[in-house]
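Report on the structure given below.
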Amino acid sequence: YIITTLMVNVLFYKHLKDRTKYDKELFEAFKILISLYEYSGDKYLRAVVYSSVLRLAIQFREFEWTEKYIEEFSKKLEPDHRENMFYYSNAYLSFAKGQFEKCLEHAAKVNFNTFQMKYYLRDLQLCAHYELSHFESALSMIDAYKHFIKKEKNYSPELKQGYLNFIGYTLELIKIKLGSEGTDIGDLKNRINGSHTMRQQWLLDKVSELEASSTRPYS
């Protein structure tokens, strides 16, 4: 277990420099670490480890493995975090599988007042509303989200700006969907690429969908 922990740490720092090269190796190392968890001597599984494994498992679309992981290892988290992380994890997994209604159902069960990953949850809900074309709900959520970020005191200005950029770009996507002609899709794509924003790849995927629909010939 100690040797595997060292391997995870080495790969984690390498993946910070080149995610595309080391993400898969890091995930496989985490799998070994998790399989040896009983030898850790820890009373509870650390939330940062649990979340890192969850993110990588979903990134590599190992959905069946992820379902088993959530069921088994969410129970090993600190008691105060277990239920929230269980529902958040299933919301995250459902979103990745394209089950957006189910994503929102799981997200609604999270106790927002006690959940530590509030930004991640709000991002996930906003993306799900967009995917379902629930634009009124999305617009209402954007307004509340902006106020939440401005009042938040525990995040750096740079991090808060990344979330505000995500909200702003999502709002532009919604306006395009609703028929607004004020936004150039190519310009939006360039701005997303050139900025620090949360969920950058999701935003670029949505822009690509808009580009494809705008160039699709009518039958």
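Of note:
- At a probe radius of 1.4 angstrom, the accessible area of segment 94-219 per residue rounds to 57 square angstrom.
- Taking the chain as a Gaussian network of alpha-carbon nodes connected by springs under 10 Å, the highest mean-square fluctuation of the residues VAL49, VAL207, VAL110 belongs to VAL49.
- Where Rh is the Kirkwood radius over Cα pairs, Rg/Rh for the chain: 0.99
- Percent of Cα-Cα distances greater than 24 Å, calculated over segment 18-118: 22 percent
- Projected-area average for segment 113-162 over all orientations - Cα convex hull basis, square nanometres: 3.7 nm²
- Of the chymotrypsin sites (Phe, Trp or Tyr not before Pro) found in segment 136-189, the ones in coil according to DSSP and having at most 15 other Cβ atoms within 10 Å of their Cβ are TYR155.
- Sulfur and carbon atoms: percent of accessible area, the chain [1.4 Å]: 51 percent
- The alpha-carbon positions of segment 94-186 define a convex hull whose volume is 116 Å³ per residue.
The values are calculated or read from the model by the stated rules, or taken from the named source; none is laboratory data. Quick caveat, the model's predicted, so the values are computed rather than measured. Counting neighbours? That spans all protein chains shown, and the Cβs are built from the backbone with ideal geometry, glycine included. To get the accessible areas, we keep the full protein, side chains included, count just its heavy atoms, and leave off ligands, DNA and RNA. Shrake-Rupley method; radii C 1.70, N 1.55, O 1.52, S 1.80 Å.
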